[in-house]
Amino acid sequence: IVREHGKAPRKDGKRLSQAPGALPFIGYTARLLQPRYKLLDHLAHVQAETGLKTFEIPSPFLPPTILISDPVCLEYVFREHEIFAKGTFFRSRMYDLFGMSKVKAISGAAKLEIKGNGILNASGSLWHSQRKAGVKFLSIANVARFSNETLPPLIEDMHQQLGAADSNGGTIDLQDILLNLMSKFFGLVAYDTVPSADLVRAFDEASAWTDSRFMNPFWRLYEALFGQSLRRALQTVKEFGHKVVTKASEKASVPGRETLLDLLLERIPDKDTVADAATTYMSAGRDTTAQAMTWSLYELSRSPEVLGALLENLQPHATTTRSGTLRTTDSHLSYIKAAFAEALRLNPSVPLIMRETSQECTLPDGTILQPGTIVVWAPYAMARSPAVWSKDAGDFKPERWLSYDASGHATFMPRSASEYPVFHGGPRICIGKSMAEVVGCQVLAELVLNWDFEVVDKEGRRHVGESLTAPMAGGLVVRPRRRI
Ligand code: HEM
């Protein structure tokens, strides 16, 4: 299991310092096996204590691995995306969910045949063609169409579910409601179908198993012994991919109203690859956006003064939200955009990201890396760094995103991708950023304008659950009351 992966990282002629908290012999192995939120909190603590230093993360079960925290180093990583590639370590763990397209290969002992690769796992020309299809799918005109036509009836359904809970005085899990809404929304705009509850469950399960591969060095053995439910979940996801691709390829696309599948089929001849490319969006777009909204509502529930300011800001424009005419680019909507960005800063949907060096290189801080080094950064920890976000880094303060002119008019001030790496940066920056902002703000505005939520079990902190993204463990159970 212990493998030789080239030489250790060096700085100033010496081996790079180990991250605080490493144990003798096993290094960070035990920390990696803990629930992920504990690792994230530890990394946030390290960063708050040590500033922007780069450290080695030692483990006998890992290739040489470093943790970077300095936005200057991260900017370099974003820019040099061919040196800091996805790499074998990442891709081999993601293949089953996002890359291996043959259904028969996962269900039996057949030789693993790795053909396709969803965009998150792809590189070279395959990445390029998927990126082009994705950018066209998420054009400004399409996002406006989705928010004007597809989203309003789904928001109406959501109001009805909340209304039912309100009238019988019951509780409801907002995270479930939002994941459900985003599943339907994504299903309709990307695959022209509403995904079944079984598919959604299977996808969530496969995502949790895939995530655990990054923490558990014995994952292959563990899955061989106990991975029956993973294999079943993968089978369900793959079958869904094949079904929707077959249906799309038999139907003529409507010019100007192409689904994601239509656009992928135009560019990629192999249908198995199209299936992988398409299902990748369930994780990339659905989970991330629904979780961002859940964490936003949680942060608002803990900050009554921010919620009050948000309501004051939104109420004059209430009629525009339902019809989908709400635009986050409108200057009067700066406050909700700031609240959404701030909630995502503290609760990034992808809290930990990694790349693998494809050649020797030197980071801007002088750290020398050999090929095959894993480079990790934690947007969750970076958000809590006083060196980047000042002393109040850990507080939920939408105002930090706003600049006010003399008449009190607020303008949203974006930060650089390397300081705010929530949507990644460089050539592989998230292509769904503006869709996430439009949909996230539209749904949030509808929720806060119409509902007052009493969070059940207010005490204690909420944690990130085990997944490739950042679900709220245990959900966000609330008692909804209609606002008068
Ligand atoms: C709050 C919501 C979102 C967040 C925080 C987010 C974050 C990210 C991050 C961190 C990455 C880089 C992942 C990596 O390379 O390891 C990424 C990539 C990507 N995201 Fe998003 N995302 C969000 C919403 C969306 C939406 C709505 C879509 C699509 C409709 C989307 C599509 C993608 C795609 C296709 C990529 C891969 C880009 C590439 O490799 O070239 N994302 N996103």
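No lab work stands behind these numbers, since they all come straight from the coordinates. On a predicted model such as this, the values are computed, not experimentally measured, just so you know. Virtual Cβ from ideal backbone geometry, glycine too; neighbours counted across all protein chains shown.
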Where Rh is the Kirkwood radius over the Cα pairs of segment 238-396, the temperature 25 °C and the viscosity 0.890 mPa s, what D in µm²/s does Stokes-Einstein return? 124 µm²/s
Starting from the Cα-Cα distance between S253 and F226, subtract it from 0.36 nm times their residue separation and give me the gain in nm to one decimal. 5.5 nm
Residue by residue through segment 283-292, which ³J(HN,Hα) values in whole Hz follow from phi under the Karplus form 6.51 cos²θ - 1.76 cosθ + 1.60 (θ = phi - 60°), with glycine and proline marked x? 7, 4, x, 5, 4, 4, 6, 4, 5, 4
Which values, in whole Å and largest first, are the semi-axes of the equivalent ellipsoid of segment 6-72 obtained as the square root of 5 times each eigenvalue of the Cα gyration tensor? 19, 17, 9
For segment 13-27, in order, what is each residue's ³J(HN,Hα) by Karplus, 6.51 cos²θ - 1.76 cosθ + 1.60 with θ = phi - 60°, in whole Hz (x at glycine and Pro)? x, 10, 5, 4, 4, 7, 5, x, x, 6, 9, x, 6, 8, x
Pairs of Cα atoms under 8 Å, at least six residues apart: use those to get the relative contact order of the chain, whole percent. 25 percent
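Under 37 °C and 0.692 mPa s, how fast does the chain diffuse according to Stokes-Einstein, given a Kirkwood radius computed over C-alpha pairs? Answer in µm²/s, whole number. Let's see the in-between values first.
On the way: Rh = 23.4 Å.
In µm²/s, the coefficient is 140.
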With the radius of gyration and the Kirkwood radius both derived from the Cα set of segment 345-461, what is their ratio Rg to Rh? 1.05
For segment 136-215, just say rounded, prolate or oblate: build the C-alpha gyration tensor, square-root its eigenvalues into a ≥ b ≥ c, call rounded for a/c under 1.5, and beyond that prolate if a/b exceeds b/c, oblate if not. oblate
Rank-order 134-140, 444-450, 374-380 by packing density, defined as the average count of other C-beta atoms within 10 Å over each peptide's residues, highest first. 374-380, 444-450, 134-140
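Using per-residue counts of other Cβ atoms within 10 Å, averaged over each peptide, order 145-155, 183-193, 269-279 from highest down.
On the way: 145-155: 17.3, 183-193: 21.4, 269-279: 23.4.
Ranking the peptides 145-155, 183-193, 269-279 by packing returns 269-279, 183-193, 145-155.
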Residue-averaged 222 nm ellipticity for the chain, from DSSP H runs of 4+ at -39500 (n - 2.57), nearest 500: -14500 deg cm²/dmol
Which ³J(HN,Hα) values, rounded to whole Hz and listed in residue order, are derived for segment 126-141 from phi using the Karplus coefficients 6.51, -1.76 and 1.60 in 6.51 cos²θ - 1.76 cosθ + 1.60 with θ = phi - 60°, glycine and proline given as x? 5, 5, 4, 5, 5, 5, 4, 4, x, 5, 5, 4, 9, 4, 4, 5
